[in-house]
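The values are calculated or read from the model by the stated rules, or taken from the named source; none is laboratory data. Please read these numbers as outputs of a predicted model, since none were measured by experiment. All Cβ positions, glycine included, derive from the backbone under ideal geometry; neighbour counts span all protein chains shown. Heavy atoms of the whole protein, side chains included, go into the accessibility calculation; ligands, DNA and RNA do not. Shrake-Rupley method; radii C 1.70, N 1.55, O 1.52, S 1.80 Å.
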Amino acid sequence: MAGAIAAGGYAAYYSRRSVFPEVSASKPLLEGLPAPELYDASEWQRNFVRSLEGSTREASLLVEGIHCGACVWLIEGVLSAMPGMLEVEVNVASHRARVRWDEGVLRLSGILRALRRIGYIAYPYDPSRWEEACNKERKSALLRLFVAGFAMMQVMMYAVPVYWAEGDMSRDIEQLMRWASFLLTLPVVFFSAGIFFSGAWRDLKAGRPGMDVPVALGIAAAFGASAWATVRGSGEVYFDSVSMFVFLLLGARFLEMGARAKAGQAVQALAKLIPAMARRLEHFPGSRETCLVPVSELRPGDHVWVHPGDALPADGVVAEGRTEVDESLLTGESRLISKRVGESVVGGSLNAASPVAVKVERVGEETMVADIIRLVERAAAGRPPLAQLADRVARHFIVALLGIAAVTGIVWWQVDPDRAFWITVAVLVVSCPCALSLATPVALTAATAALTRCGVLITRGHVLETLARATHIVFDKTGTLTEGRMALREMRPAAGRDRSGCLALAAAMEAGSTHPVGRALVAAGAEDAPLPGGVSVEHIVHIPGLGIEARQQGRTVRLGTPDFVAAMHRQPVPDEVAKPPVGMTAVGLGDETGWLSFFLLGDRLRPEAAETLATLHNLGLRAALASGDQLASTQAIATALGIEHFVGGARPADKLQFVAELQQRGAVVVMVGDGVNDAPVLAAAQVSVALGGGSEAARANGDVVLLSDDLDRLGYALIIARRTMGIVRQNLCWAFAYNLLAIPLAALGYVTPWMAGIGMAASSAIVVLNALRLLPRSATMLKGAARIDPEALQWTSSTY
């Protein structure tokens, strides 16, 4: 069908449909996919391929068949070796692969075919297909687990009487028990354990032996020897050990699968925020006639009508109306945010109040939701040094394990030939390095998912490890510790003057102003109780650098610098206004008769700034302030927050030098900033934190992005980072200790194959369950709370 559509020149059909067709869970999704060459057509690539510089292209693919870290290793290794492949990142939790290639050298169809050759099916990412693939994988895993568990119980029913009989059972009955066990073990080996054999074969074909190789060897050897002993009618059989081993190993992998799915839910929830359909305004602003269209058809410049309760289909600005939006799933901010005409809105946020018209600015892969998903996947694909070390050790360990098993078999063949085979099998089974390979990525994935759900976006893989070692944190001032915008800090009406009336007059004079002072007065007037009928002014004249003069109710009024206003009525300027506090700007309002009011405006500290600094101090970090503002205002902010080390009037190069000097003294520096001028120093710090409302350059260089601009989440991130690295160390210690203890015991003959199966499966399960401790507690700690959980602080300080 897909070929006929493309051949008829209707390939654009696929870019217009809003959902994929249903695919039967009983059939492989490959049957419902078009030929890879069709994905090379520009019409097909429009909604999932990004065009970067020159002929560079980037796409997000959903890959079926990923089961563990070894699959990621294999896929990245094979694709990276292809000519024209620039970058490959695979997320084991979401089964997504982000590939970047040179279109002039390599085509997308070549990438898809390369994946199919090594046993993986890939196609453009879509949330519904991701759910379908996950459900299919889960059902398949449950069926394998059920077959292995059912057969294990039945085999045990035949094996236990033979063990208890201790040779007293008649030969024909014992042989009958063996044949029954053999038949019951067949579906375990050829169905339930098939995943291990296919994985081992795939690894060997690629020349990259992974963890499935020793597992498959152990299962095949134990079953083959038991089957031969059954046919011959003599020798030991271990059908019960084979079925138990497969069942326990599948159980551990099922737990791992659940952990990956749970960790990937945060990203998938983001992907589902964008609706499939939108109401496009066909003749805005002349008409409100709408047409229901797929979101994929929206283009920048279109206008859409969004009803209350609907999600915004794209990033844009409010063109008509006023409403409140819920951005909690994007930023973790639980409060509704007011939006007026001209203010930006984010695709995926929920319109919670009134219908509005929105002008579309960014769609598809250019939206904020797509940016967040890309950043999260970049972090998940990146591996910190600790994880890279564990991966290298695991790869070398597999080769060493095969050698140890061979040596063990040779030695025992000389000592006791009857036990040599089973001891070798036990060595192969007991020492599979699954726990070692899972120790780090499962914990990092769980921590990243927990932080993403509360608006802390980890964008690079090294962040959690480095953040846990941080010693110093350096803040920019404007827009970081402060709100970064002028606001009315204090109002002093003249004697006998009405406060609301003076503020309404000032706001009316500044209506439509683009000056920061004017916008601050207009915003303050909008928040104040409006006067009945409002305030009307006319003949407005702007005097650059001084202020505004206008007529109101037959009188002349001025708003601006105190000297400018005083020149009209000749009254002196009060000292407290002539010399305002550091960081404040004084604005006067008056008419011919005298002063009406004074306004003191300035940038305000963020409400959570002081509490955040106290939390960071309790966590053992030393805070510093590096600002481009004048020294006096920088010192005032530093004094208010108890920051001892600060530098004012700093250019970008000065900030860079300030951080470099700290690093030369051995400090691990976290830099927090929001402006374009912060981009160089953010790139130089070991960990950079950018505010989501800051500049694009700052967000691009940020290792961590605070989507809600809420500083108190810095403390949350530090606590989770330290807890994560604690759990990683626990997992690694357990994995190394287990292998160091289990391998010698197995080689000395103290561990039977069934004991080896229990030990190997239990070691993997312990690692996964230990990592999952991050999710529930993290969610509790970070769920829109305004303060650090004291218990969490106490836990951190006492255990790290």
TODO: Set the Förster distance to 56 Å, then compute FRET efficiency between Ala353 and Ala406 from the Cβ-Cβ distance, nearest 0.05.
DONE: 0.20
Task: When region 168-223 is reduced to its Cα atoms, the Kirkwood hydrodynamic radius in Å - done: 12.8
- [ ] Lys and Arg at +1, Asp and Glu at -1: add these up for the other residues within a Cβ distance under 15 Å of Ser234 and post the number.
- [x] -1
Task: Cβ-defined net charge surrounding Pro516, 10 Å radius [Lys, Arg +1; Asp, Glu -1] - done: +1
TODO: Using only the Cα atoms of region 532-618, each taken as one equal point scatterer with no solvent, compute I(q) by the Debye sum, divide by I(0), and report log10 of the ratio at q = 0.18, 0.21 Å⁻¹.
DONE: -0.81, -0.99
Open item on the list: If R₀ is 25 angstrom, what is the calculated FRET efficiency for the pair Ser55 and Arg113, using the beta carbon separation as r and rounding to 0.05?
Closed with: 0.80
TODO: Determine the gain in length on full extension of the stretch Ser536-Asp168; use 0.36 nm per residue of separation and subtract their C-alpha separation, reporting nm with one decimal.
DONE: 121.6 nm
Open item on the list: Show me the ranking of peptides 588-597, 294-303 by mean Cβ neighbours inside 10 Å, starting with the highest.
Closed with: 588-597, 294-303
Task: Inter-centroid distance (Cα atoms) of region 612-646 relative to region 405-424, Å - done: 67
TODO: For region 398-517, report the accessible area per residue in Å² (1.4 Å probe, heavy atoms, rounded to an integer).
DONE: 36
Task: Solvent-accessible area, 1.4 Å probe, carbon plus sulfur percent, for region 425-498 - done: 50
Task: Protection proxy ranking of 278-286, 171-179 - average other beta-carbon atoms within 10 Å, highest first - done: 278-286, 171-179
- [ ] Set the Förster radius R0 to 41 Å, insert the Cβ-Cβ distance between Arg555 and Glu644 as r into 1/(1 + (r/R0)^6), and round the FRET efficiency to 0.05.
- [x] 0.20
- [ ] Would you kindly state how much longer the chain becomes between Trp228 and Arg419 on full extension, computed as 0.36 nm times their sequence separation minus their alpha carbon distance, in nm to one decimal?
- [x] 67.2 nm
TODO: Taking the convex hull of the Cα atoms, report for region 451-555 its projected area averaged over all directions, in nm².
DONE: 11.9
- [ ] Give me the net charge of Glu538's neighbourhood, meaning all other residues with Cβ under 13 Å from the Cβ of Glu538; Lys, Arg count +1, Asp, Glu -1.
- [x] +1
- [ ] Would you please give the residues with an amide H less than 5 Å from that of Val345, counting only those at least 5 places away or on a separate chain, with H modeled from the backbone geometry?
- [x] Gly316, Val317, Val318
